[in-house]
Amino acid sequence: MENYDVIIVGSGLGGLECGVILSREGYKVLILEKNKQIGGNLQIFARKKRIFDTGIHYIGGLSKGENLYKYFKYLGIMDDLKIRQLDKDGFDIVSFVDDPVQYKYAQGYDNFIETMAGYFPEEREGIIRYCDAIREVCQAFPMYQVKMPNGDMENMKYLSINARDHIATFTKNEKLQKVLAGTNGLYAGEGEKTPFYMHALVLNSYIESSWRCIDGGAQIGRLLAKIIRDNGGKIINHAEASKFIFRESEIEAVELTDGRRFEGNIFISNIHPSLTLDMVEEGKLRKAYTKRIQGLENSVSTFIVYLCLKKDTVPYFNCNYYHIIDPDVWQGGDYGENWPPSLAAFTSISSRHEKYTDLMIVMAYMRYEETREWEDSYNTVAKSSPRGQAYEAFKKAK
């Protein structure tokens, strides 16, 4: 049995980044991934020779000097990424039922303010104050700015202010409020719950610069994995961790569902916190802590339609579309019978051609409860296990 300095469970972006940093510092690193493909939300799949992203539809903050550029440069992958910048005058477009105007989000704060003020000229000062607040929030988060923390984060005023109410302090124009919140599908925004700092951190990255990965976001995972292996690290696929093995109060190994064990000195989990706790035997952690983590509410998820388009038919659009159907833009997962409350549409760019797109991804909020009856099913190309007529009818209806 090989012994590792660090064993990381899960190969999502966080796990891979962690593996790069530690392997670069000389640690012997092992990453365990239960799926065939690494990367978590970086994963892609192919249908009819089209490459579909499962999670990374576009990325912000990748221009030189911006935050994600700094992180990717440090990790050693920035120069090898194949990316294309989205439309500087409208990377996101927000629209509403019964409103013919398409509201564009422009890149660069001056451009963003001018474009938004073009739709709402009387609200220019409020738009400026809104942008100033976003930048002020981002300055208050050292890690976001790639700086060392230097204070008590718990006392920050932005942690307890919800985004919906704080946006309303900059403008009384309800349509502008909805436009500024129109892309909240990016972070599962809900009126009573979503803090303004989350809205600000997400929006700032995209306003600074927005990019699409050419041929899919899986390239990020592949580049990180190569660096880990070049540094002597190891990544094992089809390796689902089932439990941690303890020696008194210390973890000494992780056991897989197939019985394999791997010993290590440090163990890092890159999977859902409640699933991590399921791997820890009873009595090793305080019950109050375990119950609190397992009782936390998960955010709403999405229902996604992947469309294969006819060749040379739909021109490539270098932006993303957010269409709001329900009057309450902050409704999130509380949509009742009025589904879908909103839609988001993305395309991708292929290195084979740029004039036309051969795919489109359309997604809408969906609560997990709507699919709960199939939660124990498992259906992949490698292991086909159809979910039955009820599931096919559900998909067709949606």
Next on the checklist: Let's test this: bin the Cα-Cα distances of the range 128-229 at 10 Å from zero up to the farthest pair and state each bin's percent.
Outcome noted: 13, 38, 29, 17, 3, 0
Checklist outcome for this item: Taking alpha-carbon centroids only, the range 22-78 lies from the range 248-318 a number of Å equal to 17 Å
Checklist entry - How much accessible area does Cys308 have with a 1.4 Å probe, in Å² rounded to the nearest 10? => result 50 Å²
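Please give the charge dipole size of the chain, origin at the Cα centre, charges +1 on K and R Cβ atoms and -1 on D and E Cβ atoms. Round to the nearest 20 debye.
On the way: 50 positive and 54 negative charges, 260 e Å.
In debye, rounded to 20, the chain gives about 1240.
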Checklist entry - At what distance in angstrom do the alpha carbon centres of the range 94-133 and the range 365-379 lie from each other? => result 38 Å
Next on the checklist: Rounding to the nearest 10 and keeping the result within 0 to 90°, find how far the Cα-based axis of helix 13-24 lies from the longest principal axis of the chain.
Outcome noted: 60 degrees
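Any idea what % of Cα-Cα pairs in the range 236-370 are farther than 23 Å?
Working: 5420 of 9045 pairs.
More than 23 Å apart: 60 percent of the Cα pairs in the range 236-370.
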Checklist outcome for this item: Rounded to two decimals, the Debye log10 I(q)/I(0) of the range 198-288 (Cα scatterers, no solvent) at q = 0.19, 0.20, 0.25 Å⁻¹ is -1.01, -1.05, -1.30
Checklist entry - Residue by residue, what Karplus-based ³J(HN,Hα) values in Hz, rounded to whole numbers, does the range 370-378 have, using 6.51, -1.76 and 1.60 with θ = phi - 60° and x for Gly and Pro? => result 5, 10, 4, 5, 10, 5, 9, 7, 8
Checklist entry - Once the whole set of protein chains is in place, how much accessible area is left on Met198, using a 1.4 Å probe, in Å² to the nearest 10? => result 70 Å²
Checklist outcome for this item: Listed by chain and number, the lysines with an alpha carbon less than 27 angstrom from that of Lys175, same-chain partners under 8 positions apart left out, are Lys88, Lys104, Lys157, Lys193
Checklist outcome for this item: Taking max minus min of the Cα coordinates of the range 41-86 on each principal axis, largest first, gives extents in Å of 38, 22, 17
Next on the checklist: Eigenvalues of the Cα gyration tensor times 5, then square-rooted: what semi-axes does that give for the chain, in whole angstrom, largest first?
Outcome noted: 36, 26, 24
Checklist entry - Can you give the accessible area of Phe96 in Å² (nearest 10), computed on protein heavy atoms with a 1.4 Å probe? => result 20 Å²
Next on the checklist: Going through the cross-link list Lys49/Lys383; Lys48/Lys82; Lys28/Lys82; Lys36/Lys226, which pairs have a Cα-Cα distance over 27 Å in this structure?
Outcome noted: Lys28/Lys82
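Apply 1/(1 + (r/R0)^6) to the Cβ-Cβ distance of Ser384 and Tyr74, taking R0 = 45 Å, and write down the FRET efficiency to the nearest 0.05. Write out the running numbers ahead of the final one.
Working: r = 42 Å, r/R0 = 0.94.
Efficiency, from the Cβ-Cβ distance: 0.60.
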Item to check | Highest-first arrangement of 340-349, 208-217, where packing means the average Cβ count within 10 Å | outcome: 208-217, 340-349
Item to check | Within the chain, helix-based [θ] at 222 nm, where runs of 4 or more DSSP H residues each add -39,500 (n - 2.57), nearest 500 | outcome: -8000 deg cm²/dmol
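Largest first, how would Arg164, Arg261 line up by accessible area (1.4 Å probe)?
Correct descending sequence by accessible area is Arg261, Arg164.
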Item to check | 3J(HN,Hα) from dihedral phi, the range 313-321, Karplus parametrisation 6.51/-1.76/1.60, rounded to Hz, x for glycine, proline | outcome: 10, 9, x, 5, 10, 8, 7, 10, 10
Next on the checklist: I'd like the carbon and sulfur percentage of the solvent accessible area for the chain, probe radius 1.4 Å, heavy atoms only, ligands and nucleic acids excluded.
Outcome noted: 50 percent
Checklist entry - So how tilted is helix 218-230 from the main axis of the chain? Cα-based, degrees 0 to 90, rounded to 10. => result 30 degrees
Checklist entry - Against the longest alpha carbon principal axis of the chain, how many degrees, from 0 to 90 and to the nearest 10, is the axis of helix 124-139 turned? => result 20 degrees
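The values are calculated or read from the model by the stated rules, or taken from the named source; none is laboratory data. Everything quoted here is computed from the prediction, not taken from an experiment. Virtual Cβ from ideal backbone geometry, glycine too; neighbours counted across all protein chains shown. Note: areas computed on protein heavy atoms with side chains; ligands, DNA, RNA excluded. Shrake-Rupley method; radii C 1.70, N 1.55, O 1.52, S 1.80 Å.
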